[in-house]
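All remarks here apply to the structure that follows.
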């Protein structure tokens, strides 16, 4: 950590933000730079009485079902913790202490609320497509159809999240490999996804762990911590195979049969997802938040789906599909300049406020330029529209704040956000 003139600055895209007077942002900055993971920390007042005996007994029953000679069966609670590396000697006091990972896995509800008050998971079901949810039309309800808030330890939370999956996701007929025994694809796929949500999360952050089910897509979102072993931006599921964020948490999940040896079962997800839904698409975004999404159903049946065919015949528009939620393909060269600027103007007028008409028009031209080409760097956009450094810097910052633009890839090119792409699709549907 370094200071400049006694002030702390945090890098945000291409800007250096002074966070000195914001204690929470300074704490977040130090946390990201801390080489000791949060799960490894010893909490001074945490001891065995803060852990739930019933959770230990439940874990023993789970391992007996898989292996009746498992070492955990004969171990006491304290011995079990030591065998998993969940207890260690405090280098300051010299006393044996309990790590945060033990509290997360086995803690009593009141102990978790006391030591980690921000800890919680939200499981939400919405009976609408993800694209329709992002559009947030005035006629749509903002309420969810089902929701549970989970503040219990990870062992119990995992079971509650799996129950939520079984409640809201359809079961598909499937016979296990080489047998006549019927299997449950939901268990094969979502045990890995939920294990990832529980294990690969930065618990030092106050952000909630989010598990959302829509009528066409499942989405998880949780805070993460940047590491050199996993690049940022859009990544493939193959890149997760050798990545484990919290090895102590993962070790216990693996013993319980809830996680595979490599990447918490990324290969299982790739194997079983196409069996659950033939056109399944998996998307992973690794930035300040780790977002995983997987489609599991067509949007047919949604109120907007009937208009998709009209969209597919939209004149002079080059897109992969006009299905709500699909990404706009690069090089929309057939879209005339007036149409692209009209699209930019509509987006700016709806999502950007507090700017003059002159600046709004300039932002609309910037969106239009990116829409036509697909992706542009700040330098390319500046040169193409003949803008000053200050103009392009301010505009891109405001458009990013409005969630109309986002940066992806090593070259940090700007492209339309998913929300902007969905909104543009709705423009064509209404034409």
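The values are calculated or read from the model by the stated rules, or taken from the named source; none is laboratory data. In this text, all values refer to a predicted model and were calculated from it rather than measured experimentally. So basically every Cβ, Gly included, is an ideal-geometry build from the backbone, and we count neighbours across all protein chains shown.
Numbers at a glance
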item	result
Count - residues of the stretch 209-244 that are part of a strand (DSSP E or B) and at pLDDT 80 or above	12
Set 55, 35, 69, 49: member being in a loop (DSSP other than H, G, I, E, B) and either at pLDDT 95 or above or over 25 Å from the mean Cα position of the chain (by Cα) (or both)	69
Residue selected from the stretch 173-208 under the condition touching a helix residue (DSSP H, G or I) at 6+ places or on another chain (Cβ under 6 Å), modelled with pLDDT of 85 or more and outside any helix (DSSP H, G or I), by the criterion farthest from residue 60 (Cα to Cα)	204
Looking only at the stretch 72-81, and only at residues there that are surrounded by fewer than 14 Cβ atoms within 10 Å (Cβ to Cβ) and free of Cβ contacts under 8 Å to residues at least 12 places away in the same chain, the one that is farthest from the chain's Cα centre (by Cα)	74
Close pairs from the stretch 96-122: first without any contact (Cβ under 8 Å) to a residue 60 or more places away in the chain and not assigned by TED's automatic domain parsing to the domain that holds residue 220, partner surrounded by fewer than 18 Cβ atoms within 10 Å (Cβ to Cβ) and in a helix (DSSP H, G or I), Cβ under 7 Å, at least 6 apart	98/48
Residue 153 surrounded by 21 or more Cβ atoms within 10 Å (Cβ to Cβ) and either in contact (Cβ under 8 Å) with a residue 24 or more places away in the chain or touching a helix residue (DSSP H, G or I) at 6+ places or on another chain (Cβ under 7 Å) (or both)	yes
The stretch 36-69: number of residues that are surrounded by 12 or more Cβ atoms within 10 Å (Cβ to Cβ) and in contact (Cβ under 8 Å) with a residue 40 or more places away in the chain	19
Checking residue 425 against (1) within 22 Å of residue 130 (Cα to Cα); (2) surrounded by 18 or more Cβ atoms within 10 Å (Cβ to Cβ); (3) at pLDDT 80 or above, the condition it does not meet	(3)
Filter pass, residue 327 being at pLDDT below 85 and either under 30 Å from residue 235 (Cα atoms) or not in a loop (DSSP other than H, G, I, E, B) (or both)	yes
Check on residue 394, outside any loop (DSSP other than H, G, I, E, B), in contact with a helix residue (DSSP H, G or I) (Cβ under 9 Å, 6 or more places away or on another chain) and at pLDDT below 85	no
Test for residue 415: is it assigned to a strand (DSSP E or B), crowded, with 18+ Cβ neighbours inside 10 Å, within 20 Å of the chain's Cα centre (by Cα) and not assigned by TED's automatic domain parsing to the domain that holds residue 235	yes
Any hit, the stretch 136-148, residues being in contact (Cβ under 8 Å) with a residue 60 or more places away in the chain and under 21 Å from the mean Cα position of the chain (by Cα)	no
Any hit, the stretch 187-197, residues being more than 18 Å from the chain's Cα centre (by Cα) and either touching a residue at least 60 places away in the same chain (Cβ under 8 Å) or surrounded by fewer than 16 Cβ atoms within 10 Å (Cβ to Cβ) (or both)	yes
Selected residue (only one of 148, 237 is touching a strand residue (DSSP E or B) at 6+ places or on another chain (Cβ under 6 Å), surrounded by fewer than 17 Cβ atoms within 10 Å (Cβ to Cβ) and not assigned by TED's automatic domain parsing to the domain that holds residue 62)	148
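Listed here are the residues, each with its yes/no results for (1) touching a helix residue (DSSP H, G or I) at 6+ places or on another chain (Cβ under 7 Å); (2) modelled with pLDDT under 90; (3) not assigned by TED's automatic domain parsing to the domain that holds residue 350; (4) not in a loop (DSSP other than H, G, I, E, B).
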| position | (1), (2), (3), (4) |
| --- | --- |
| 371 | yes, yes, no, yes |
| 379 | no, no, no, yes |
| 383 | no, no, no, yes |
| 387 | no, no, no, no |
| 399 | yes, no, no, yes |
